[in-house]
Structures are given as C-alpha cells and as structure tokens.
C-alpha cells in the first residue's frame with residue numbers, strides 16, 4: 001500500500017478532530033437522511049460551529065484564514081465515503097471560492113459570515129435541461145434593466161438545491177455572444193425564485209438535488225459577481241480545483257470499498273475456507289490495490305501542483321478522469337466479491353456502487369475530460385483548419 005506523504009502532523013491532528021465529530025454528528029443520521037432525501041440543516045450549522053466551512057474566509061467573518069487546500073481534502077476523505085450526500089466540498093471548494101476570490105467587500109460583508117456559520121448553504125446553478133458540460137449553450141437569460149437585472153430560465157440537477165439559501169446562477173447577458181455570461185447571487189427568498197422537485201437519483205440518496213426556476217427575478221446590481229460579461233472566464237478559473245476536490249472524493253470512496261471488501265472476504269467462507277483465500281480473490285484485490293495506489297499518487301501529485309498554483313486544466317482533467325474511472329472499476333469488483341450480498345441495499349457496498357456511477361458524469365463527463373486532455377496534446381480539429 002502506498003505511503004502518502006502529502007500530509008503533515010497538523011493535518012493528521014485535524015483529521016482526528018473531523019473523524020471524532022463525524023462519528024457523533026454525521027454518520028449516526030445517514031440512514032434517516034437517505035430516507036428524507038436531504039441532510040439536515042443542523043449538520044451544516046454543526047460543521048460551521050466546528051470551523052469546517054470555508055476555512056479560508058477572513059477571521060472577521062468567523063473563518064480561520066487558512067488557505068491550505070489539504071484541510072478540505074481531509075474533510076472529503078473522512079466524510080465522503082460514509083456520507084456522500086453531505087456536499088461540504090461543494091460549499092467549501094466549488095462555490096465558496098467565488099465569494100472569496102471574486103466578490104466585492106460589500107458582497108462578502110453581506111453573506112460570508114452566514115456562509116461560514118452554516119446558516120446559509122451554497123449552491124451553483126449552471127446545468128440546464130438542455131445543457132450539460134457545454135456551458136456556452138446556457139439559455140437562462142439576464143436582462144439589464146438599468147438599476148437591476150431581470151433573470152429568467154431554469155436549471156436542473158442542482159446539488160444542495162433544496163437547502164441552499166444563496167445560489168450562484170450563470171445566465172447569458174448577451175444573446176448574440178454565447179460566451180458572454182454573468183454570475184448572479186440569488187437569494188432563495190426573492191420573488192420569482194422557485195424550487196421544483198427534489199430529484200430521485202440512482203445514488204447519493206441524501207443529497208438534495210433540485211430543479212430551480214427563475215421567473216422575472218429582479219437581481220440588484222450589487223448582486224452581480226464580477227463583470228456581467230466575463231462570468232465564463234470566472235467559471236474557468238476554478239474548474240481545476242473543482243475537479244481535484246472531486247478526485248479526492250472519488251478515490252476515498254474507492255478506498256473505503258476496498259477496505260470493506262477486505263473485511264468481508266476474510267469473514268465470508270465458501271467450500272470450507274475464507275473467500276479471500278481463493279486465487280481469484282487475491283488477484284482481484286491485488287489489481288484493485290495497484291489501481292488505488294496509482295490513483296492516490298496521481299492525486300497527491302496534482303495537489304502539490306495546486307498548492308504551488310501550477311495545476312493545469314489538462315492535468316486536472318487527467319486526475320478527474322482517472323480517479324472516477326478507478327472508482328467505478330474498484331467498486332464494481334468489490335461488489336462482485338460480495339456475491340449476492342453486494343446487491344442488497346443493507347450492505348454498504350451496494351450503496352457505494354450506486355453512488356459511484358455519477359463520478360464519471362458530474363464536474364465534466366469522462367468524455368469531456370478526454371477532449372480537454374486530447375486538445376492539450378494538440379489533437380484538436382480547430383487547430384488544423
């Protein structure tokens with residue numbers, strides 16, 4: 001097994017704190033949250049009270065002023081495998097950085113304290129019924145009315161969609177130019193904002209994934225994030241980190257599946273001996289261990305690059321692609337080694353299998369990741385015309 005060297009002593013102390021908190025405040029509620037289709041607001045507030053939300057935020061907002069990405073990695077590694085529907089990584093490392101890096105002082109003064117405390121949960125609304133990974137195809141419109149913007153359109157598959165109090169909405173601001181997109185901070189109490197269904201999914205049962213609708217929503221000018229024509233460029237700046245934090249979660253879940261299966265195959269017996277003693281089991285687990293170690297090595301390399309500010313879009317695509325594919329293969333083999341028990345929902349491996357399928361789709365599909373990597377190699381038709 002690979003010995004990881006990415007963490008220092010203070011990180012491991014933090015890990016123990018997170019683990020102890022999760023054992024009392026998170027994991028005991030997982031079954032109820034899966035039945036409800038949503039985690040509780042209380043767990044978000046509990047995370048905020050522990051200082052786990054947007055740790056990079058300024059101390060005047062209740063943050064810790066800690067910029068080290070590795071602390072959020074630890075949150076994902078400890079929480080994600082056992083409670084994957086609690087999307088703390090989305091709040092902290094996908095939406096939160098928009099507020100930290102691009103919001104005005106007035107915007108941060110208005111929202112950041114509640115974001116850090118967990119009183120305001122964040123979501124980002126980009127995906128639409130007819131638009132997935134191609135953000136240039138966004139149809140939601142924002143029209144400049146002089147002293148405010150009017151927002152119309154709909155979004156779907158929005159994670160944290162039911163709980164979110166503040167939604168970062170991507171909308172086209174110039175109908176003639178597909179890449180002129182604005183980012184708008186929309187409060188859930190505003191007139192014209194509505195939530196649709198809490199969508200039923202194959203996995204991630206406790207993650208509230210919703211449809212959102214905007215019907216003549218008046219957005220004050222002070223709720224535009226950055227230049228209303230440059231939202232596309234802003235979105236591109238955080239995609240590498242988004243894919244990296246996703247990769248951490250993917251491989252952590254695969255590691256958890258591996259450990260569960262090791263325990264199972266040493267306890268379950270067939271033909272008078274433990275399943276783990278058969279050559280097939282040994283070979284399958286040896287292959288899984290090799291893939292996991294390779295995935296961890298790639299992930300930790302990318303983290304080091306990210307900490308230096310040097311993680312490229314292509315390398316982020318590689319780690320997202322590889323770890324999500326490894327997760328799928330490892331969890332599938334682990335379920336197979338569970339036999340019929342693996343198909344039963346009461347066994348955790350069954351839920352891990354269902355949860356893993358989305359990893360190759362969200363944050364950019366495996367196909368889109370291959371496109372990005374291929375273009376980085378110079379294999380782009382547009383460059384040859």
(request) Could you please let me know if residue 250 is buried (at least 16 other Cβ atoms within 10 Å of the Cβ) and farther than 21 Å from residue 155 by Cβ? (result) yes
(message) Checking residue 202 against (1) under 30 Å from residue 284 (Cβ atoms); (2) surrounded by 15 or more Cβ atoms within 10 Å (Cβ to Cβ); (3) in the same structural domain as residue 147 (by TED's automatic domain parsing), only one condition comes out false. Which one?
(response) (2)
(request) Please work out which one of (1) in contact with a strand residue (DSSP E or B) (Cβ under 6 Å, 6 or more places away or on another chain); (2) buried (at least 21 other Cβ atoms within 10 Å of the Cβ) is the condition residue 57 fails and give its number. (result) (1)
(request) Tell me the helices (runs of 4 or more DSSP H) entirely within the range 271-362 that contain at least 3 residues that are at pLDDT below 95, assigned by TED's automatic domain parsing to the domain that holds residue 259 and out of contact with any strand residue (DSSP E or B) (no Cβ under 8 Å at 6 or more places or on another chain). (result) 279-307
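Has the range 174-181 got at least one residue that is outside the structural domain of residue 353 (by TED's automatic domain parsing), modelled with pLDDT under 95 and surrounded by 19 or more Cβ atoms within 10 Å (Cβ to Cβ)?
In the first step, residues of the range 174-181 are kept if they are outside the structural domain of residue 353 (by TED's automatic domain parsing); the result is 174-181.
Next, from what is left, pick out any that are modelled with pLDDT under 95: 174-181.
Pick out the ones that are also surrounded by 19 or more Cβ atoms within 10 Å (Cβ to Cβ) and you get 181.
Yes, the range 174-181 has at least one match.
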(message) Could you list, ordered by first residue, the pairs with Cβ atoms under 7 Å in which the first is in the range 28-48 and within 17 Å of residue 161 (Cα to Cα) and the second is surrounded by fewer than 19 Cβ atoms within 10 Å (Cβ to Cβ) and at pLDDT below 95, at least 6 apart or interchain?
(response) 37/198; 38/198
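Confirm whether residue 210 is in contact with a helix residue (DSSP H, G or I) (Cβ under 8 Å, 6 or more places away or on another chain) and buried (at least 18 other Cβ atoms within 10 Å of the Cβ).
Numbers: in contact with a helix residue (DSSP H, G or I) (Cβ under 8 Å, 6 or more places away or on another chain): no; buried (at least 18 other Cβ atoms within 10 Å of the Cβ): yes.
Here the answer is no, as residue 210 does not meet what is asked.
The values are calculated or read from the model by the stated rules, or taken from the named source; none is laboratory data. The model shown is predicted, which means the values in this text are computed figures rather than measured ones. All Cβ positions, glycine included, derive from the backbone under ideal geometry; neighbour counts span all protein chains shown.
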